1. Treating only the Cβ atoms of Lys and Arg (+1) and Asp and Glu (-1) as charged, compute the dipole magnitude of segment 49-90 about its Cα centre; round to the nearest 20 debye.
2. Mind listing the phi-derived Karplus ³J(HN,Hα) values for segment 33-47, rounded to whole Hz, using 6.51, -1.76 and 1.60 with θ = phi - 60°, and x for any glycine or proline?
Amino acid sequence: MPTVAAKRPSADGAVVPTPALTPISPEQLPSWTFLTNHAHVLVCLSEDPDLRGWEIAGQVGITERATQKIIADLVAEGYLSRERVGRRNSYTVNDRLRLRHPLESTHRVGELLAAVRNATPSDCS
């Protein structure tokens, strides 16, 4: 999944790139992908449940506001649960829920994440 460099403010107010992200300019992003931004956000949070909105936005290549909207959608439908940890949120992906579209509804979120991450789902049967 291509990523763009997210930027974060440093203590002195300067903006610095986040080192964990691979810098890719927006021009290098494909014009379309097989997965939706909702799926991309789920993949990000399944790999690091403590990511902040701006970090997810940078990895997916969308705005922070779009990321907030997607997270709200996923929480409302039960695909994510949110836990407040201090001033931050930590998320848990419910990998046992079925995918939403009728064409994929025989599969679970964990199967999708396993395929994308090349990992084994916790229990998708």
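Just so you know, all these numbers are worked out from the coordinates, no wet-lab data involved. Since the structure is predicted, the reported quantities are computational estimates derived from the model, not experimental observations. Cβ: placed from backbone, ideal geometry, glycine included. Neighbour counts: every protein chain shown.
1. It comes to approximately 200 debye.
2. Using θ = phi - 60°, the values come out as 9, 6, 9, 7, 5, 4, 5, 4, 5, 4, 4, 4, 6, 6, 8 Hz.
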